[in-house]
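For reference, the structure is listed below as structure tokens.
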Amino acid sequence: MLTYTKKDVTKIRLASMLASEVLEMIEPYIKPTIATGEIDALCFKYITNILKATPACLGYYGFPKSICVSINEVVCHGIPKYNHIVKEGDIVNIDVAVLKEGFYGDTSKMFYAGEAAANSKELCIVVQESLYLAIRSIKPGIRLRTIGKDIQAYVEDKNYSVVKEYCGHGIGSKFHEEPQIPHYNTYDNGVLLKEDMAFTIEPMINAGESYTYVEKDGWSVKTKDHSLSAQYEHTILVTKDGCEIMSLRAEEPLSKHIHNL
Ligand code: MF3
Ligand code: CO
Ligand code: CO
């Protein structure tokens with residue numbers, strides 16, 4: 001995994017902050033009756049006109065829109081559409097990645113449309129907590145696989161399952177870099193974390209079985225058993241004594257600099 005110079009880190013931080021700002025901007029719009037295509041259009045305008053940045057998803061391997069909107073049993077990579085209307089009780093993941101001054105930031109969170117059912121909220125809360133738990137373990141010298149091992153143990157204890165087909169990733173001058181960051185236990189990953197490495201953690205967790213399939217649109221990933229799925233994502237920098245949550249939002253209960261030594 002690449003480590004970055006302090007100057008490059010400044011730019012990854014900027015891109016990550018801008019991506020998190022998009023999630024803050026869009027929050028009041030995530031309500032029943034909005035179309036996912038309208039959510040995308042609002043994000044596109046904000047990213048290009050206000051942030052003067054580029055939506056990283058747009059055109060990425062042919063992805064047709066600026067953000068991913070993944071609702072209920074959609075695990076990730078949902079394509080926004082004008083005929084897909086958000087309805088009461090939906091759990092909605094918005095995943096935003098931006099390119100600014102040659103560097104990327106990538107983050108996502110769950111929104112409740114109106115009042116969500118207790119089981120839907122519980123899933124989302126557990127996924128966010130699994131991300132926070134991994135963040136609280138990150139520091140130089142730990143093995144990369146600690147991240148997935150901790151996330152899997154935590155969510156399986158709640159009877160949820162970890163999606164194996166999609167992982168976190170190194171990030172910086174490329175949107176997706178080596179290595180992959182699995183959200184489950186692996187036995188073969190010898191990477192040791194070092195200061196100034198940057199990567200995402202983005203657990204996708206299902207209420208039922210872990211298996212997924214890709215829709216006929218070639219992008220939308222769904223749970224095979226049509227159970228609910230939730231995801232949260234942050235772009236993380238390894239620091240001298242822990243990590244920095246580069247895409248932290250103001251509403252979150254953590255501080256930007258996490259001291260784990
Ligand atoms: N933002 C996603 C991630 O977290 C990637 C989306 S790629 C797209 O890595 F092409 F589907 F937009
Ligand atoms: Co990502
Ligand atoms: Co993302």
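The values are calculated or read from the model by the stated rules, or taken from the named source; none is laboratory data. Bear in mind the structure is a predicted one, so any value in this text is a computation, not a measurement. Neighbour counts run over all protein chains shown; Cβ positions are idealised from the backbone, glycine included. Quick note on the areas: whole protein, heavy atoms, side chains included, nothing else; ligands and nucleic acids left out. Shrake-Rupley method; radii C 1.70, N 1.55, O 1.52, S 1.80 Å.
For residues in the range 156-188 being polar (S, T, N, Q) and in contact with a strand residue (DSSP E or B) (Cβ under 7 Å, 6 or more places away or on another chain), which is least open to solvent (accessible area, probe 1.4 Å)? Let's see the steps before the verdict.
We begin by selecting, within the range 156-188, every residue polar (S, T, N, Q); these are 159, 161, 173, 180, 185-186.
In the following step, the residues that additionally are in contact with a strand residue (DSSP E or B) (Cβ under 7 Å, 6 or more places away or on another chain) were identified as 161, 173, 180.
Details: Ser161: 17, Ser173: 60, Gln180: 108 Å².
Among those that are polar (S, T, N, Q) and in contact with a strand residue (DSSP E or B) (Cβ under 7 Å, 6 or more places away or on another chain), it is Ser161.
Which ones in the range 1-24 are closer than 27 Å to Val86 by Cα and buried (at least 17 other Cβ atoms within 10 Å of the Cβ)?
Ser16, Met17, Leu18, Ala19, Ser20, Glu21, Val22, Leu23
Here is a yes/no grid of residues against (1) closer than 30 Å to Glu195 by Cβ; (2) of a type in the set (S, T, N, Q):
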| position | (1), (2) |
| --- | --- |
| Leu18 | yes, no |
| Lys31 | no, no |
| Thr36 | no, yes |
| Ala41 | no, no |
| Lys45 | no, no |
| Asn72 | no, yes |
| Pro80 | no, no |
| His84 | no, no |
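Could you tell me whether Lys52 is closer than 16 Å to Val96 by Cα, over 20 Å from the mean Cα position of the chain (by Cα) and not small (Gly, Ala, Ser)? Working first, answer last.
Values: closer than 16 Å to Val96 by Cα: yes; over 20 Å from the mean Cα position of the chain (by Cα): yes; not small (Gly, Ala, Ser): yes.
Here the answer is yes, as Lys52 does meet what is asked.
Based on what the data block shows, is Asp106 within 16 Å of ligand 3 (Cβ to nearest atom), acidic (Asp, Glu) and open to solvent by less than 50 Å² (accessible area, probe 1.4 Å)? Reasoning before the result, please.
Numbers: within 16 Å of ligand 3 (Cβ to nearest atom): yes; acidic (Asp, Glu): yes; open to solvent by less than 50 Å² (accessible area, probe 1.4 Å): yes.
It is true that Asp106 is within 16 Å of ligand 3 (Cβ to nearest atom), acidic (Asp, Glu) and open to solvent by less than 50 Å² (accessible area, probe 1.4 Å).
Within the range 86-99, is even one residue within 16 Å of ligand 2 (Cβ to nearest atom), assigned to a strand (DSSP E or B), in contact with a Lys or Arg (Cβ under 8 Å, 6 or more places away or on another chain) and under 17 Å from Glu233 (Cα atoms)? Lay out the reasoning, then the answer.
Residues of the range 86-99 that are within 16 Å of ligand 2 (Cβ to nearest atom), as a first pass: 93-99.
Okay, now just the ones that are also assigned to a strand (DSSP E or B), so 93-99.
Still in the list and also in contact with a Lys or Arg (Cβ under 8 Å, 6 or more places away or on another chain): 93-94.
If we keep only those that are under 17 Å from Glu233 (Cα atoms) too, we end up with 93-94.
Yes, some residue in the range 86-99 is within 16 Å of ligand 2 (Cβ to nearest atom), assigned to a strand (DSSP E or B), in contact with a Lys or Arg (Cβ under 8 Å, 6 or more places away or on another chain) and under 17 Å from Glu233 (Cα atoms).
Kindly indicate whether any position in the range 219-229 is surrounded by 15 or more Cβ atoms within 10 Å (Cβ to Cβ), within 16 Å of ligand 2 (Cβ to nearest atom) and not in a loop (DSSP other than H, G, I, E, B).
Checking the range 219-229: at least one residue is surrounded by 15 or more Cβ atoms within 10 Å (Cβ to Cβ), within 16 Å of ligand 2 (Cβ to nearest atom) and not in a loop (DSSP other than H, G, I, E, B).
Can you confirm whether the range 78-88 contains a residue that is away from ligand 1 (no atom under 16 Å from the Cβ), surrounded by fewer than 22 Cβ atoms within 10 Å (Cβ to Cβ), under 29 Å from Asp241 (Cα atoms) and among the aliphatic types (A, V, I, L, M)?
No, the conditions are met nowhere in the range 78-88.
Counting only residues that are assigned to a loop (DSSP other than H, G, I, E, B), within 13 Å of ligand 2 (Cβ to nearest atom) and free of Cβ contacts under 8 Å to residues at least 60 places away in the same chain, how many does the range 157-181 have?
Qualifying residue count for the region: 2.
Could you give every pair whose Cβ atoms fall below 7 Å, whose first residue belongs to the range 34-58 and is open to solvent by less than 10 Å² (accessible area, probe 1.4 Å), and whose second residue is more than 16 Å from ligand 1 (Cβ to nearest atom) and aromatic (Phe, Trp, Tyr), counting only separations of at least 6 or pairs across chains?
Ala35/Tyr82; Gly37/Tyr82; Ile39/Tyr29
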